[in-house]
1. How about the stretch 150-160: which of its residues are surrounded by 15 or more Cβ atoms within 10 Å (Cβ to Cβ) and either among the aliphatic types (A, V, I, L, M) or at pLDDT 95 or above (or both)?
2. Test Tyr141 against the stated conditions and say whether it is modelled with pLDDT of 95 or more, outside any loop (DSSP other than H, G, I, E, B) and under 21 Å from Asn183 (Cα atoms).
3. Output yes when any residue across the stretch 166-173 is of a type outside the set (A, V, I, L, M, F, W, C), surrounded by fewer than 15 Cβ atoms within 10 Å (Cβ to Cβ) and part of a strand (DSSP E or B), and no when none is.
4. Could you list all residues from the stretch 175-189 that are charged (D, E, K, R) and either exposed (fewer than 15 other Cβ atoms within 10 Å of the Cβ) or assigned to a strand (DSSP E or B) (or both)?
5. Does any residue of the stretch 191-205 turn out to be assigned to a loop (DSSP other than H, G, I, E, B), of a type in the set (Asp, Glu) and farther than 22 Å from Gln109 by Cβ?
6. If Leu192 passes every condition in (1) surrounded by 11 or more Cβ atoms within 10 Å (Cβ to Cβ); (2) closer than 15 Å to Asn103 by Cα; (3) modelled with pLDDT of 95 or more; (4) not small (Gly, Ala, Ser) but one, which one does it miss?
7. Can you pull out every residue in the stretch 59-100 that is closer than 22 Å to Gly127 by Cβ and in a loop (DSSP other than H, G, I, E, B)?
Amino acid sequence: MTETRTTTSLPGRPPVVDWAAWQAARDDFLAREKAHTREGDALAAARRRLPMVELDGTVQVTGADGPVPFIDLFQGRDELVVYQHMWHDGDPVEGQCPGCTINAWHIQQAAPYLAARGVSFAMLTEGPWAEVAPFLEFMGYTEPWYSVRDLPAPIGVDMGHIVCFLRDGDRVFLTYRTTGRGNESASGVFGLLDMTPYGRGESWEDMPDGWPEGQGSCWYWATDADGAATWGPTRRPTPQWTRPGATPVRESTPG
């Protein structure tokens, strides 16, 4: 590979080569990508073979039309995927969890595609419905949301996860739930950033020498009114600034 050296103002960048050299390097890397894809397929196959545990599908969750049994979230389908959204009691909309917001914002249009495949989708949150309802109106969310406050695991505690359920008649089973970074499958921005030269810009990433120094994890999940990333008192979860009425924040909010 022959690198062409030129002056640059960038803090770090890939080497510059001709097209043939670039294609050869890309082809070599493609072999690793294909292996990664096949390993993902193998993990999915193994996931389908995990055992499941039965739970009480009659427990009541609270939605826009009041309390309903959890089994109703299947909407007559056999499979259900939910996201468990954290909640900070008493906080205004800008004080709600930026991490859950990044996932909820990405998957809010997933329901029709899942339904076409025979899978229902719902958002669960531990927040009281009286606080959740105005939050949903502000965010413009239209998929079904439910408060699972005071309910036992695995429905009503340990928020911040994606959970899958299976219905067999009037019986309900938990089949899978994510942990840690398992939620990243719901947020396409991570995959897009991972394709870019500078990645997510987070300090844990393996970067070449001379690359920009990464910042703390999740640093761009909250911004101020000017779009500058911040977790300070003027921040909102980043997607909120696209919503009508998202005025600048001037006072600190808990959480």
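The values are calculated or read from the model by the stated rules, or taken from the named source; none is laboratory data. Bear in mind that the values here come from a model prediction, so they are computed numbers and not experimental data. Glycine also receives a Cβ, built like all others from the backbone with ideal geometry; neighbour counts cover every protein chain displayed.
1. Once the filter is applied, which keeps residues that are surrounded by 15 or more Cβ atoms within 10 Å (Cβ to Cβ) and either among the aliphatic types (A, V, I, L, M) or at pLDDT 95 or above (or both), the stretch 150-160 yields Leu151, Ile155, Met159.
2. Judged against the criteria, Tyr141 is not a match.
3. As a first pass, look at the stretch 166-173 and keep what is of a type outside the set (A, V, I, L, M, F, W, C): 167-171.
With the extra rule that they be surrounded by fewer than 15 Cβ atoms within 10 Å (Cβ to Cβ), the set shrinks to 168-171.
Subsequent filtering for residues that are part of a strand (DSSP E or B) retains 168, 171.
Yes - at least one qualifying residue is present in the stretch 166-173.
4. Matches in the stretch 175-189: Arg177, Arg181.
5. yes
6. (1) is the only condition that Leu192 fails.
7. Answer for the stretch 59-100, where residues must be closer than 22 Å to Gly127 by Cβ and in a loop (DSSP other than H, G, I, E, B): Val59, Ala64, Asp65, Met86, Trp87, His88, Asp89, Gly90, Asp91, Pro92, Gln96, Cys97.
Residue by residue, here is whether (1) charged (D, E, K, R); (2) surrounded by 12 or more Cβ atoms within 10 Å (Cβ to Cβ) holds:
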position	(1), (2)
Lys34	yes, no
Thr37	no, no
Met52	no, yes
Val68	no, yes
Gly76	no, no
Leu80	no, yes
His88	no, yes
Thr101	no, yes
Val119	no, yes
